Amino acid sequence: MSRTLLIVKPDATKRKLIEYIINRLQAARFKIVEKKELQLNNSQARQFYAVHEGKHFLDSLVKFMCSGTIVPMILEKNNAVNDLRALIGATDPAKAERGTIRFDIAEDIEKNSVHASDSNANAKKEISFFFNK
Ligand code: ATP
Ligand code: MG
């Protein structure tokens, strides 16, 4: 078993898609170990997205991620990191494969409904950012 972090982003919480996303995750055999609902402030969002320092989309991304509540959750499954990336699909929903969560619900390349850790090392860091684990 391994763990990864998923975040339901503000565009999806605003559209009341938390339960929908949880159902999709459970149907794909992810176990939800822990979850919470919160709103990030600017400095927390910048810290979370520190790897994107210098990218053209960072300011807008930070503003978006602070624009409403988010739901981070720890997910557990065999091969959790890669399987979750496959389930959510490409960053840009226009390029996401049919059947992926972003294909089905994302609004655009920024407001793409969910975040997922991209490696085991980042999963560890991102889990400890939100949870005491
Ligand atoms: P995430 O990290 O949220 O799981 P990702 O790994 O698919 O998404 P990253 O390259 O890490 O994509 O970008 C982080 C987030 O920044 C994206 O999910 C999206 O919200 C936003 N983003 C990425 N590229 C762009 C872009 N070209 N224009 C606007 N926003 C972008
Ligand atoms: Mg990423």
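The values are calculated or read from the model by the stated rules, or taken from the named source; none is laboratory data. As the structure is a computational prediction, the values presented were derived from the model and not from experiment. Note that we place each Cβ from the backbone using ideal geometry, even for glycine, and neighbour counts take in every protein chain shown.
Miscellaneous remarks
- In region 10-32 there is at least one residue matching the filter, namely being buried (at least 16 other Cβ atoms within 10 Å of the Cβ), among the charged types (D, E, K, R) and not in a loop (DSSP other than H, G, I, E, B).
- Taken over region 4-56, the criterion of being of a type in the set (A, V, I, L, M), in contact with an Asp or Glu (Cβ under 6 Å, 6 or more places away or on another chain) and away from ligand 2 (no atom under 16 Å from the Cβ) is satisfied by Val33 alone.
- Flag: Ile21 matches the condition of being touching a residue at least 60 places away in the same chain (Cβ under 8 Å) and touching a strand residue (DSSP E or B) at 6+ places or on another chain (Cβ under 7 Å).
- Within region 97-125, residues that are in a helix (DSSP H, G or I) sit with their Cβ atoms under 9 Å from residues that are surrounded by 14 or more Cβ atoms within 10 Å (Cβ to Cβ) and acidic (Asp, Glu), at 6+ positions apart or across chains, in these pairs: Ile105/Asp11.
- The condition of being under 19 Å from Leu5 (Cβ atoms) and loosely packed, with under 14 Cβ neighbours inside 10 Å holds for only one of Val81, Val51, that being Val51.
- Residue check for Ser60: surrounded by 17 or more Cβ atoms within 10 Å (Cβ to Cβ), of a type in the set (S, T, N, Q) and either touching a Cys at 6+ places or on another chain (Cβ under 9 Å) or modelled with pLDDT of 95 or more (or both): no
- Exactly one residue out of Glu97, Glu110, Glu126 is more than 11 Å from the chain's Cα centre (by Cα) and surrounded by 15 or more Cβ atoms within 10 Å (Cβ to Cβ): that is Glu110.
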